[in-house]
Structures are given as structure tokens and as C-alpha cells.
Amino acid sequence: MIIVESISWLIVFIISVTIHEAAHAWAAKKGGDLTAYQGGQVSLNPIPHIKREPLGMIVFPLISSLLFGWPFGYASSPYNPYWAYEHPRKAALMATAGPISNIFIVLLCTIIIKGGILIGVFTQPYSIGFQSIVVPASGGIWTGLSVFVSMLFTLNLVMAVLNLIPLPPLDGSNIISLSSYEMQPPANTVR
């Protein structure tokens, strides 16, 4: 059972991180930095993201899921640090795009959960957990879907909150420049 749960967490992690990093890359492209776009990162296909960070996208999340029951990993989208230095607000918007994508997924999961409860396929659990924000009203496919939606909700909520912390290398450290015109010269080329 632990292997099935770990693989499920890995799948949810890959989906969530791929969307998060693709959002960064898309925002950078819209802001005028084509670095991530040229690297294939403006994509919901997880393969370019996994190729860029195989340890952070596969190895660490799988091992941490097996050991601790929770995936821990990382990924990044490349960007031009000189572009970020010259356009601090656009760089801050790029940094904000990742957590916003996670919040969007949380809201989508909330709609699915509420809708499932309204139509009677989901119900509220006696005890909420990372894998049981909602439980099936009956068995079958609803069991797997309730676990998947619960995992997706939980992981994306944690990713959004964590990435808003204003400490490097988290996204929050770059979001701060939305309220500031001053920015330090480039020191790092990865997001």
C-alpha cells in the first residue's frame, strides 16, 4: 500500500510542479524573456521539466514519499537574470505566476469537492488528512478520485503557501520586488 501511495504522491507532485514551472515560464515569455520558452519550459508536458531537474522532479519526491509519506522535491525554470534586473516588476510577476497556478489548482479542487458533495459522490470525512479532504460516498472509481483530488488540493495548498515565504530560493523572495523598484544585480540564473 505504501508503494501505491508513494507513486500516487509522485504523480500529483509531477502534475503540480509542471503546472507551477510552466506558469513561471509562460509569465516570463509574456514579460519579454524567452529563456524558458526556448528551453521548452512553457509546456504542460512534464518531460522537459523532468529532463531539466530529474533529481528534484522524480528521485527526491519518490524517496521522500516512501520514507515520510509526503513528496519533497524541487524544479526550476531558467530566466535571464539581466532581464530580471532591468524589469523587476515583470520578474516579480513571473515569480508570482507559480504560486498563483497552485492557488488556481486548489480552487479547482474545491469546486470538484463541493460539486461531488452536492451530487452525492463525495462526503465529508470524520477526520481530515492529506489524502482525505473528502471521501467517497460509495466505492468504485470515486474512491480513487477522492484520494487524488484530496492529494492535489493538499499539495498545491502547501506549495502556494511555501512559495510565498520571502526567503531565497522560494518565489516569495522575488515577489517582494513588486512593491519595490530597487533590485540587486543578478547573481543567479535559475528560478
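Coordinate-derived values only; no laboratory data. Since the model is a prediction, treat every value here as computed from it, not as a measurement. Positions of Cβ are backbone-derived with ideal geometry, glycine not excepted, and every protein chain shown enters the neighbour counts.
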Helix 88-119 sits off the longest principal axis of the Cα atoms of the chain, rounded to the nearest 10 on a 0 to 90 degree scale, by 10
If one compares the long axis through the Cα atoms of helix 2-31 with the longest principal axis of the Cα atoms of the chain, the angle in degrees, nearest 10, works out at 30
Most packed first (mean Cβ within 10 Å per residue), the peptides 14-25, 161-172 order as 14-25, 161-172
Per the rule of 0.36 nm per residue minus the C-alpha distance, extending Ile63 to Gln38 adds in nm 5.9 nm
Candidates for P(r) over Cα pairs in 10 Å bins from 0, in percent are (1) 8, 28, 32, 23, 8, 1; (2) 10, 33, 31, 18, 7, 1; (3) 9, 36, 36, 17, 3, 0, and the calculated one carries label (2)
Distance in nm between Val161 and Ile7 label points, each 7 Å along Cα→Cβ, equals 3.0
Taking 118-127, 148-157 and ranking on average Cβ neighbours within 10 Å, highest first, one gets 148-157, 118-127
FRET efficiency (Tyr74, Tyr126; Cβ distance; R0 30 Å; to 0.05) is 0.30
Number of Lys pairs in the chain closer than 27 Å at Cα, excluding neighbours under 8 places apart unless interchain, is 5
The chain: relative contact order from alpha carbon pairs under 8 Å, six or more residues apart, as a whole percent, is 24
Subtracting the Cα-Cα distance of Leu108 and Asn45 from 0.36 nm times their residue separation yields 20.7 nm
